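The structure appears below as structure tokens.
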Ligand SMILES: C[S@@+](CC[C@H](N)C(=O)[O-])C[C@H]1O[C@@H](n2cnc3c(N)ncnc32)[C@H](O)[C@@H]1O
């Protein structure tokens, strides 16, 4: 099963219009304070730190490049060709490699695993906005990519983020400038229930090894000048035999 064409077009349209400079997209935060914080939580659980790293749903690759400074082989994958164009332009030295892939499409995911072998996977902000029927296939993709030896780090907006986003979307004078294009392209953030994620992982054959909560900074400010932060949940998962 692959994602709906409506969903793919929503992302393609979003990234085709997205500005080039870092920080211009709502979630495009400074990687040292984003993937850097996540790696501090993830690395103690890596059974095999030398495995390739896959950034699943890498977007414009800001976090991918940070990962590529720390790991020998990093592959950023995304559904959107326009997102990958941004990622490649921002990485002229080719620190990471980038690949068009629909993670809800098992054959594509199996092909990547066949090429890389087991991988450690970073996935930020993909499940919470995907179509409900894509959630289990996406988590199944994590299980395929980590195989027996890899670990996955997922960080997703909590369900508590949804009312905050709705309030921002309904602000007098319209949503904050960087949130507006997300909504205009029909991308619905903060839709996944917190307790659904461990269930998807179990169904995929993965065990939750650690989890917690973190405020996830955005690049946007509210009308009173405060940086907008949204509640998020993170999990580390893998096969315990790894
Ligand atoms: C909110 S953005 C997050 C981007 C990046 N992970 C980050 O943290 O900056 C979600 C990304 O996931 C990608 N995505 C959504 N569904 C996907 C799928 N089925 N397969 C691959 N990528 C997907 C979208 O194209 C988009 O670039």
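Taken together, the values in this text are just the output of simple stated rules run on the coordinates, not laboratory data. A quick note: this is a predicted structure, and the numbers were derived from the prediction, not measured. Cβ placement follows ideal geometry from the backbone for every residue including glycine, while neighbour counts extend to all protein chains displayed.
Of note:
- Over the C-alpha trace of segment 140-242, radius of gyration and Dmax come out as 16.5, 54 angstrom.
- Dividing the summed -39500 (n - 2.57) terms of all DSSP H runs of n ≥ 4 by the residue count of the chain sets its mean residue ellipticity at 222 nm at -9500 deg cm²/dmol.
- Most mobile of 212, 36, 23 in a GNM of the chain (Cα contacts under 10 Å): 212
- Segment 99-144 and segment 171-242: distance between their alpha carbon centers, rounded to Å: 17
- FRET efficiency for residue 32 and residue 167, using Cβ-Cβ distance with R0 set to 35 Å, rounded to 0.05: 0.75
- Virtual spin-label span in nm between residue 148 and residue 177, 7 Å along Cα→Cβ: 5.4
- Extension gain, residue 193 to residue 131: 0.36 nm times the residue separation minus the Cα-Cα distance gives 21.0 nm.
- For the peptides 214-227, 49-62, 106-119, the ranking by packing is 49-62, 106-119, 214-227, with the highest mean count of neighbouring Cβ atoms within 10 Å listed first.
- Per residue, the average separation of C-alpha pairs within less than 8 Å and at least 6 apart gives the chain a relative contact order of 21 percent.
- Three-way shape call for segment 29-84 based on the alpha-carbon gyration tensor, with the a/c threshold at 1.5: oblate
- Annotation for residue 210 and residue 240: the two label points, set 7 Å from Cα along the Cα-Cβ direction, are 1.8 nm apart.
- P(r) of the chain over all Cα-Cα pairs, binned every 10 Å from zero, in whole percent: 8, 34, 40, 16, 2, 0
- Between residue 72 and residue 226, the simple label model (points 7 Å from Cα in the Cβ direction) yields a spacing of 4.7 nm.
- Here segment 45-98 and segment 9-31 have alpha carbon centers that stand 16 Å from each other.
- R0 of 30 Å, Cβ-Cβ distance residue 97-residue 45: FRET efficiency to nearest 0.05: 0.75
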